[in-house]
Structures are given as C-alpha cells and as structure tokens.
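Here is the structure we will look at.
The values are calculated or read from the model by the stated rules, or taken from the named source; none is laboratory data. This structure is a prediction, so every number in the text was calculated from the model and none was measured. Here the Cβ is made from the backbone with ideal geometry for all residues, glycine too, and neighbour counts use every protein chain on show.
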Amino acid sequence: MGKYFGTDGFRGEANRVLTVEHAFKVGRFLGWYYGQEHRCKVVIGKDTRRSSYMFEYALVAGLTASGADAYLLHVTTTPSVAYVVRTEDFDCGIMISASHNVFYDNGIKVLNGQGEKLTDDVIAKIEAYLDGEMGEIPLAVREDIGCASDYAMGRNRYIGYLISLATRSFKNMRVGLDCANGSAFAIAKNVFDALGAKTYVINHSPDGTNINRNAGSTHIEVLQQFVKDNNLDVGFAYDGDADRCIAVDENGSVVDGDGIMYICAEYMRDRGMLETNTVVTTIMSNMGLYKAFDNLGIGYVKTAVGDRYVYENMSQNGHRLGGEQSGHIIFSKYASTGDGILTSLKVMEVMLERKETLSKLVKPLKIYPQLLKNVKVKSKPEALNDPDVQAAVAKAEEELGDEGRILVRQSGTEPVLRVMVEASADDLCAKYVGLVVDTLVRKGHVTL
C-alpha cells in the first residue's frame, strides 16, 4: 500500500483526508500521464455520496487542464466503469466512491485501459506528484485544452451487456434487491425487470447522505427480514458502488461470498467452465470452504485481502472464478473486477439451471464459526508489531492447533486492525478474539 492509495484506491473523509485539491491533482497527473503521446480519453463514474459531485468536477478540471477529454457516466457502479474502459478504447477510468464506507468518506479508484486496478509503480508516480516530488506538469493551452462530455450511453451499454449474459428468463422468480442507496439503484432493478423477474427493491432512494446507512451488504439483516416478510425466492444486497454482492436464501439465511463461490464453482466445474479447476480466494475465506472444495476435488489459491490481488492471480494463471468472503466475486471471462450485479445473475443461473433453491444448493457447505472484530487503532504498524500483541496471537495459534485459526491484519481502507478467529465453537472464537483485543486495549493502541 502507498501513502495515499490503499488496496482499493485513495480513500478517506471528504475534505479532511481526501480533499478537492487531491482530486484536482490526481486529474492533472492522469491527464498528463496517459496523454503524453496523444490526447487521452478518461471515463468517470461516481456513487451517490454528496461529495461525489465535488470530486467529479475537480477531477474533470484537472484532466481537461492537462489536455485530456473526460466522459461522464454520472451515477454508476465500479464494474460498469471497468467494462466501459476495457470495451470502448479509453485510456483509463476513474470511479468516485468509498464503497461500503459511511457517506462522509469518499474515494478515488483508478483503472487502467484494461479495466484493471493500477499497478504499484503507477500509484507511486501519482503519490510522488501529490507530494510535489516530480515537479510541475505543464498546463494545456488553446486548442489542446480538454473537453468534458456526457456519456450516459456507456452505462446503458453495460446494462445491455448484463442482460445479454443471462441464460434463462427470470419469469415468476420473486427477487429482492437491496441497493444500499448507492450506485446499484440506477441499474439493478432495470436488469432484473428486463429478464422477467418480479423485482422487489429496498434502499433505492439515495439522498447523498444515506448510502450504506442500515442498508446493503454490510447490513444484511435488513434484506433477510425483507425476504422473509415478502416470501421471496432469493435476495441480493450490494454495497455503495455495487462491486460486492451478498445473497439471502428463501428462508432468510445469509449466503456470503464463500457460499457464492462454492455453488458457482461446483456448477462451473460440472459444465466444463472452471478452467484450471481452481478457485482463487483470499486468506479471509472460511476453513469450511476449503474442506468443501477438497471434497469436490476443486483446487484453490489464497491471496492477500483485496479483489485486486484475487484478479492479479486469476489473470496470471488463467483461473475463471475467484473472490472474497465479503462478496467481491470475479468471473474473469466476463469482468475484470468484482461485480455485484453480475454475481447475482450468476447465482440466478445456478438456481434456474439446477432447478433448486439457494438453501439446498449451499447446504453441503459447512461453515466454521467465525468472529471478526474491527479495532480502531492509533497506528496499525505499531499495534501489529507490538511484542505483547504478537505473543497473544501466537498463544491463540498454538491453542487452536489444526482445528481453528487466527488472523490479525491491517485494513487497506480504514484505520483499523481486523482480528478474526475461526474455531469449532462460538465461545472459542470469542475467547481468542478477546485475548488479542484485550491486549491491544491494555497496551494503549486502541482509539475511540
């Protein structure tokens, strides 16, 4: 991770951590960097946060001042930006979003011409410019100044692309969608309606401040109740920029990213679509998923947390399916990023082709109890490197043995440590999470 850019872009509280001046300079750099040999084209999308408009205009000003042309998708999803970049000859794409964070945070995600997250060397150059370490970039003048254009048609093409991927009609299927008052509100219902579903939507009235508030994939209990109250066949919850999807079965039970990867991997393998017979996961996936893959004879790889790392591994090795427990699922034949709406379409495909409920499809997957505690700390490196904290982690590892595991890692997007324990029983999870958290508190690392 860089100084400003984490695992998923430059993210922080708007105008405190991530400022309008930062956005302008990012635009200045990208317009110059991709436009050194030609007038470059950059496509921009945003989520529904109030500050997204401010950052959009600042990025456009920076891009055009460096001689680039900016094309505005307006409110749209991160995967739609990736799709438009890689299919319509853009030099790069920008998504303004802080994903699942609270409304007053925002972020800048940059994608290269293939719709992939930027490599570390390019990020280092952006950060050097932000810190004034590479000199000033020349301003475009006269006819070389860039232009900005409406490009809503790009979002419409993405909607058409999603619809084209469905293998069957969704007629008579009762589907619930939780759009998190975010980007999905402008796309998801249109797709499901076009495919014939009886679509029931919640949290699809953004006001600039309600994105992710008691809504979406990070508050799945809302959709669980909605599915049960309305006797729906299935429900899908997205996050603020709709690159995640968490499912809810007909009984109101949660099917997270691990469950989605399980049912999709088995389905793809049986139809000869799981090339390399390997699924790419992160270190956060549940032990139960790996035991289930072992039983199916499906291989797996574990990467660092972040869909960027999942996709890099998939791209390098030709794997077709990968993702995170949190709901970032990548189908590399169709997308270069996690795509929540695409994921929900693929789950629907498995249900319809198998002629089974989601609960029955996921039943063979036995998930180990897991407890994850997010601990806000003053300094992530100091807390992680504290000898007493490391000793607490080592003690938990020794006592859990082969029947559990503990993972303590830095968040790539927030000032927190994530303490996760899997074990055979809930009380063991609570015991060992508590051991580490209590040590962090006792040593003065925790902040309110």
I'd like to check something: does the stretch 231-254 contain any residue that is surrounded by fewer than 24 Cβ atoms within 10 Å (Cβ to Cβ), without any contact (Cβ under 8 Å) to a residue 12 or more places away in the chain and either among the hydrophobic types (A, V, I, L, M, F, W, C) or not in a loop (DSSP other than H, G, I, E, B) (or both)? no
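Report those helices (runs of 4 or more DSSP H) wholly inside the stretch 327-387 carrying at least 3 residues which are surrounded by fewer than 19 Cβ atoms within 10 Å (Cβ to Cβ) and at pLDDT below 95.
Details: elements: 340-354, 358-362, 380-385.
Where helices (runs of 4 or more DSSP H) fall fully within the stretch 327-387 and carry at least 3 residues being surrounded by fewer than 19 Cβ atoms within 10 Å (Cβ to Cβ) and at pLDDT below 95, they are 380-385.
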The one condition GLN224 fails out of (1) in contact with a Lys or Arg (Cβ under 8 Å, 6 or more places away or on another chain); (2) farther than 22 Å from THR78 by Cα is (1)
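Filter the stretch 262-281 for residues that are among the β-branched types (Val, Ile, Thr) and in a helix (DSSP H, G or I); which is surrounded by the fewest Cβ atoms within 10 Å (Cβ to Cβ)? Give the steps one after another, and end with the answer.
If we filter the stretch 262-281 for residues that are among the β-branched types (Val, Ile, Thr), which is where we start, we get 263, 276, 278-281.
After this cut, where a residue has to be in a helix (DSSP H, G or I) as well, the list is 263, 276.
On the way: ILE263: 24, THR276: 14.
Ranking the qualifying residues of the stretch 262-281, first place goes to THR276.
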Taking TYR83 as the residue in question, decide whether it is in a helix (DSSP H, G or I), outside the structural domain of ASN374 (by TED's automatic domain parsing) and touching a Phe, Trp or Tyr at 6+ places or on another chain (Cβ under 8 Å).
yes
Looking only at the stretch 179-186, decide whether some residue is of a type in the set (Phe, Trp, Tyr), farther than 13 Å from ILE341 by Cβ and crowded, with 16+ Cβ neighbours inside 10 Å.
-> no
Inside the stretch 391-426, the number of residues satisfying the requirement of being surrounded by 18 or more Cβ atoms within 10 Å (Cβ to Cβ), assigned to a helix (DSSP H, G or I) and not small (Gly, Ala, Ser) is 2
Looking across the stretch 313-323 at residues that are touching a residue at least 40 places away in the same chain (Cβ under 8 Å) and either touching a Pro at 6+ places or on another chain (Cβ under 6 Å) or part of a helix (DSSP H, G or I) (or both), the single one that is surrounded by the fewest Cβ atoms within 10 Å (Cβ to Cβ) is ASN317
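Do we find that PHE103 is aromatic (Phe, Trp, Tyr), touching a strand residue (DSSP E or B) at 6+ places or on another chain (Cβ under 7 Å) and either over 26 Å from TYR161 (Cα atoms) or not in a loop (DSSP other than H, G, I, E, B) (or both) in this structure?
Working: aromatic (Phe, Trp, Tyr): yes; touching a strand residue (DSSP E or B) at 6+ places or on another chain (Cβ under 7 Å): no; either over 26 Å from TYR161 (Cα atoms) or not in a loop (DSSP other than H, G, I, E, B) (or both): yes.
Criteria not met by PHE103.
Quick check on TYR151: is it under 30 Å from GLN316 (Cα atoms) and surrounded by 17 or more Cβ atoms within 10 Å (Cβ to Cβ)? Give the derivation first.
Working: under 30 Å from GLN316 (Cα atoms): no; surrounded by 17 or more Cβ atoms within 10 Å (Cβ to Cβ): yes.
Spelling it out, it is not the case that TYR151 is under 30 Å from GLN316 (Cα atoms) and surrounded by 17 or more Cβ atoms within 10 Å (Cβ to Cβ).
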Residues of the stretch 291-310 being in a helix (DSSP H, G or I), surrounded by 20 or more Cβ atoms within 10 Å (Cβ to Cβ) and over 23 Å from the mean Cα position of the chain (by Cα), in sequence order, are ALA292, PHE293
Flagged in the stretch 398-425 as more than 15 Å from SER379 (Cβ to Cβ) and out of contact with any strand residue (DSSP E or B) (no Cβ under 7 Å at 6 or more places or on another chain), in numbering order, are GLU398, GLU399, GLY401, ASP402, GLU403, ALA423, SER424, ALA425
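Look at ASN230 and say whether it is more than 24 Å from SER336 (Cβ to Cβ) and not basic (Lys, Arg). Spell out how you get there, then give the answer.
Values: more than 24 Å from SER336 (Cβ to Cβ): yes; not basic (Lys, Arg): yes.
Criteria met by ASN230.
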In the set GLY259, GLY288, the lone residue that is more than 28 Å from VAL81 (Cβ to Cβ), touching a residue at least 60 places away in the same chain (Cβ under 8 Å), in contact with a strand residue (DSSP E or B) (Cβ under 9 Å, 6 or more places away or on another chain) and not in a strand (DSSP E or B) is GLY288
